[in-house]
Amino acid sequence: MSTLLIQAGGIVTGGRVQGRCTVTVASGRIAGVDAGHDIQPRHGEPVLDASGLTLVPGMIDLHTHGANGAHAGSGTTRDLARMAEFYAAHGVTGFLASVGGDQESIEAGLGAVAAFAADEGDGSGARCLGASGRPVHQFGQRGCLPARDRRRARPLLARHYLQRARGWLKVLTIAPELPGALPLINRAFAAGVVCAAGHSLADAEQMQRGIEAGIGHVTHLSSVCRWGRRS
């Protein structure tokens, strides 16, 4: 079991900032946090001097389209690896890859995410926690999405994406007011997917029906989408 001692100037944990401490990392996991720098290596473990720094938990990014010249929906694990490397260097330890586009692009993106997320690699990059998809949106609220990416909502769509993602589809963004959206939301929610309302013009009543069907999250409240008074 590999062990590392980190002597930090401070640490953010339990919702507050603590002072000087020594963090013991065993096999890649935090095994202990002790006040001060009095803990000494017992078996020649390496000691990392971070006395001028504050340790913070890694960030989890739930909505990533790309980074480092790579695109989450490219359909290649190579691009996902480049993203993971970039995120790890900027404090992100886990991310969801947002896939979209036409039907072929979504299927390729989900397949790549499933393959990449299942392979933990050497641990040098951020962990891909799965995929976030946005298959059904309100045409007038598509924002930067191309018009050709629009598709009808139907429960079969959820089953198709779930099969392609092999358990790695974690978030699905849907405009709940569209015809056929509620059965789609219900199907995805029953499969354990977090359903988000987004790219939507739903009023209060339509949103409430979406919540009852399984909506539990919201994404893209603006994103080049129109704002207006709603009931």
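Going residue by residue through segment 84-93, is there one that turns out to be surrounded by 17 or more Cβ atoms within 10 Å (Cβ to Cβ), in the same structural domain as Thr173 (by TED's automatic domain parsing), part of a strand (DSSP E or B) and touching a residue at least 60 places away in the same chain (Cβ under 8 Å)? No, segment 84-93 contains no residue that is surrounded by 17 or more Cβ atoms within 10 Å (Cβ to Cβ), in the same structural domain as Thr173 (by TED's automatic domain parsing), part of a strand (DSSP E or B) and touching a residue at least 60 places away in the same chain (Cβ under 8 Å).
When residues in segment 52-63 are screened for being in contact with a Ser or Thr (Cβ under 8 Å, 6 or more places away or on another chain) and assigned to a loop (DSSP other than H, G, I, E, B), 2 of them pass. Residue-level analysis places Gly69 outside the set of residues that are under 28 Å from Val17 (Cα atoms) and surrounded by fewer than 17 Cβ atoms within 10 Å (Cβ to Cβ).
Has segment 188-204 got at least one residue that is touching a Ser or Thr at 6+ places or on another chain (Cβ under 8 Å), hydrophobic (A, V, I, L, M, F, W, C) and more than 26 Å from Ala114 (Cβ to Cβ)? Yes, segment 188-204 contains at least one residue that is touching a Ser or Thr at 6+ places or on another chain (Cβ under 8 Å), hydrophobic (A, V, I, L, M, F, W, C) and more than 26 Å from Ala114 (Cβ to Cβ). Taking Asp49 as the residue in question, decide whether it is exposed (fewer than 13 other Cβ atoms within 10 Å of the Cβ) and either in a helix (DSSP H, G or I) or of a type in the set (D, E, K, R) (or both). Spelling it out, Asp49 is indeed exposed (fewer than 13 other Cβ atoms within 10 Å of the Cβ) and either in a helix (DSSP H, G or I) or of a type in the set (D, E, K, R) (or both).
Yes or no: Leu80 under 30 Å from Phe116 (Cβ atoms) and surrounded by 18 or more Cβ atoms within 10 Å (Cβ to Cβ)? So Leu80 fits the description; yes. Under the condition of being in contact with a Phe, Trp or Tyr (Cβ under 6 Å, 6 or more places away or on another chain) and assigned to a loop (DSSP other than H, G, I, E, B), the residues counted in segment 64-83 number 1. Scanning segment 67-78 turns up at least one residue that is touching a residue at least 24 places away in the same chain (Cβ under 8 Å), under 21 Å from Thr219 (Cα atoms) and in contact with a Ser or Thr (Cβ under 9 Å, 6 or more places away or on another chain). Restricted to segment 206-231, and to residues there that are assigned to a helix (DSSP H, G or I) and at pLDDT below 95, the residue that is nearest to Glu177 (Cα to Cα) is Gln206.
Scanning segment 10-39 for residues that are part of a strand (DSSP E or B) and either aromatic (Phe, Trp, Tyr) or surrounded by 15 or more Cβ atoms within 10 Å (Cβ to Cβ) (or both) gives Gly10, Ile11, Thr13, Gln18, Cys21, Thr22, Val23, Thr24, Val25, Val33.
The values are calculated or read from the model by the stated rules, or taken from the named source; none is laboratory data. Every value quoted in this text rests on a predicted model; they were computed, and no experiment measured them. Backbone-built Cβ (ideal geometry, glycine too); neighbour counts: all protein chains shown.
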